[in-house]
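**Q** The structure is given below, and queries will be raised subsequently.
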There are 2 protein chains.
Amino acid sequence: MAKLQKSIDKRNALVKATIELVNNNGFHATPMSKIAKMAKVSPATIYLYFENKQDLVNQTYIEVKAEYTNYAFATYEENMSVEDGFELIWKRIADFKLKECEHAMFLAQCDNTPMIDEPSRIEGIKHLQPLLDLWQRGKKEGLVKPLSDFILYAYAINPLSFLMITQKRGAFQLNESHIQEAYQAAWDSIKVNK
Amino acid sequence: MAKLQKSIDKRNALVKATIELVNNNGFHATPMSKIAKMAKVSPATIYLYFENKQDLVNQTYIEVKAEYTNYAFATYEENMSVEDGFELIWKRIADFKLKECEHAMFLAQCDNTPMIDEPSRIEGIKHLQPLLDLWQRGKKEGLVKPLSDFILYAYAINPLSFLMITQKRGAFQLNESHIQEAYQAAWDSIKVNK
DNA sequence: TAACTAAAAATGAACGTTCATTCTTTTTTT
DNA sequence: AAAAAAAGAATGAACGTTCATTTTTAGTTA
């Protein structure tokens with residue numbers, strides 16, 4: 001195993017603990033001491049890896065966001081048809097939100113509170129470009145409604161966050177056929193009606 | 001002006017200050033002392049109206065949620081057609097989220113964090129029944145897809161929260177034609193394709 | 001109406017706790 | 001043996017909450 005100056009394992013453990021504790025207790029009830037304890041590290045050690053608590057949360061956000069978009073676009077290729085490309089990306093995102101539920105929950109919490117500072121938020125948005133390009137192509141081909149990317153995202157992608165959260169809270173159980181139904185609803189909402 | 005034992009004005013000022021401060025700074029950066037200051041009240045006075053900070057936030061959540069659903073259904077009548085009823089409710093909700101943006105933002109934050117305890121969350125859901133009944137009717141009439149209420153809500157209603165938040169963050173400007181487009185996307189996502 | 005009074009409401013200051021962060025020392029690495 | 005990394009204990013500030021006191025209210029008496 002390669003050795004960096006500071007242990008990457010320790011950093012990862014800190015990020016992991018942050019996600020878990022913030023998910024379960026919220027930012028306001030997640031003291032540095034608990035993060036340190038869960039990561040099996042002294043509180044002082046956190047400050048070797050991160051400037052302060054805000055920096056720890058910002059960096060965690062950016063990393064999880066990057067992981068999310070990497071997963072979403074991992075198997076996508078630009079020469080796919082708009083419909084195939086969208087279905088592929090959509091299902092990868094659904095997959096991520098269900099399998100990496102903890103990480104997706106963390107993102108949802110960050111995206112809906114003033115927990116993250118503005119620069120980190122902007123940094124996190126950048127990585128969605130392939131999806132926006134795909135929609136651009138879809139609009140040109142007359143397959144996708146000529147709407148702003150925000151509206152397309154709101155209807156095609158964001159509903160998955162709501163479903164993930166209600167599922168996590170135990171309100172109902174998502175299964176494979178729900179995923180297919182949700183995909184159909186997503187596509188119906190943004191596709192041009194012939 | 002009628003006089004209650006304890007001043008209802010003071011209570012309202014506290015609730016209002018809570019919404020404003022939690023919206024701008026998050027729960028974790030909203031100390032009771034600031035809430036008291038903004039409401040022009042002593043910190044000790046808060047505890048005459050609320051048990052503690054958690055109780056203050058819970059009660060605020062329930063009140064805002066009730067205000068939201070009251071507004072949503074205020075002009076709805078059960079003898080309306082499914083399509084008309086849905087459009088009416090949808091547009092009332094859109095209206096609320098844009099006009100009472102602060103209140104809607106507060107709800108979004110509560111709904112996406114562990115800020116609120118479970119009983120208050122359940123209390124908040126109750127009031128949506130008229131919409132669920134409408135969908136039930138729509139399914140019977142073959143107008144609305146036979147999907148779970150959670151999925152219908154995720155696609156028909158929840159996207160408005162995303163749009164509201166991005167608009168509030170200044171990412172883009174929502175206008176009347178966006179609202180119409182969004183309504184169409186909402187209906188397209190849940191209506192049965194003939 | 002005016003004075004009085006007991007209870008309720010409101011307050012500013014204080015309390016004990018917890019927090020993020022730093023300091024000093026020890027351990028590990030090279 | 002020097003430098004880097006990690007640790008536990010310490011620190012000062014900030015927090016939620018309570019305490020002791022003052023102010024306001026509402027009812028009663030004159």
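**Q** For the protein assembly as shown, what does -39500 (n - 2.57) per DSSP helix run (n ≥ 4), summed and divided by total residues, give at 222 nm, in deg cm²/dmol to the nearest 500?
**A** Mean residue ellipticity at 222 nm (helix-derived): -21500 deg cm²/dmol.
**Q** Express the accessible area of segment B:1-50 per residue in Å², computed with a 1.4 Å probe while the remaining protein chains stay in the model.
**A** On a per-residue basis, 61 Å².
**Q** Which FRET efficiency value, to the nearest 0.05, do you get for A:N79 and A:D9 by plugging their Cβ-Cβ distance into 1/(1 + (r/R0)^6) with R0 = 41 Å?
**A** Computed FRET efficiency for A:N79 and A:D9: 0.55.
**Q** A follow-up question, please. Between 0 and 90 degrees, rounded to the nearest ten: what's the tilt of helix A:129-140 against the longest Cα principal axis of chain A?
**A** Tilt relative to chain A: about 10 degrees.
**Q** Note the angle between two axes, namely the Cα long axis of helix A:53-73 and the longest principal axis of the Cα atoms of chain A, as a number of degrees from 0 to 90, rounded to the nearest 10.
**A** With both axes taken from Cα atoms, the answer is about 30 degrees.
**Q** Need one number: buried accessible surface between chains A and B, 1.4 Å probe, both sides summed, DNA, RNA and ligands left out, in Å² to 100.
**A** Buried area between the two chains comes out at roughly 3600 Å².
**Q** Moving on. Using a 1.4 Å probe on protein heavy atoms, which residues of segment A:140-162 have at least 30 Å² less accessible area in the complex than alone?
**A** Hits at the 30 Å² cut-off: A:K145, A:L147, A:F150, A:I151, A:A154, A:Y155, A:N158, A:P159, A:F162.
**Q** Shielding of A:113-121 by partners, i.e. mean partner chain Cβ atoms within 10 Å per residue?
**A** Values: counts 13, 11, 6, 1, 0, 2, 0, 0, 2.
Per-residue shielding by partner chains comes out at 4.
**Q** Okay, moving on. Across peptide A:182-189, what mean number of C-beta atoms from other chains lies inside 10 Å of a residue's C-beta?
**A** Across A:182-189, the average partner-chain Cβ count within 10 Å equals 6.
**Q** Just the accessible area per residue of segment A:72-188, please: how many Å² with a 1.4 Å probe?
**A** Value returned for segment A:72-188: 42 Å² of accessible area per residue.
**Q** What is the local net charge at A:L88, summed over the other residues whose Cβ is closer than 13 Å to its Cβ (Lys, Arg +1; Asp, Glu -1)?
**A** Within the 13 Å Cβ shell, the charges total -4.
**Q** Once each part is reduced to its C-alpha centroid, what is the distance from segment A:1-63 to segment B:19-36 in angstrom?
**A** Result: 25 Å between the Cα centres.
**Q** Moving on to the next point. Positive end of the charge dipole of chain B (Lys, Arg +1 and Asp, Glu -1 on Cβ, about the Cα centre): tell me which of B:Q129, B:N158, B:Q173 has its Cα farthest that way.
**A** Result: B:Q173.
**Q** Tell me, what % of the accessible area of the protein assembly as shown is carbon and sulfur with a 1.4 angstrom probe?
**A** The value for the protein assembly as shown is 54 percent carbon and sulfur by accessible area.
**Q** Now a separate question. What number comes out for the charge environment of B:S161, summing +1 per Lys or Arg and -1 per Asp or Glu over other residues with Cβ under 11 Å away? Intermediate values should be presented prior to the final figure.
**A** Details: positive: B:K97, B:K168; negative: A:D111, B:D111.
Residues close to B:S161 contribute a combined charge of 0.
The values are calculated or read from the model by the stated rules, or taken from the named source; none is laboratory data. Note that the structure is a prediction, hence the values are computed from the model and not measured. Note that we place each Cβ from the backbone using ideal geometry, even for glycine, and neighbour counts take in every protein chain shown. Ligands, DNA and RNA are stripped out before the accessible areas are found, and what is left, the full protein with its side chains, is counted by its heavy atoms. Shrake-Rupley method; radii C 1.70, N 1.55, O 1.52, S 1.80 Å.
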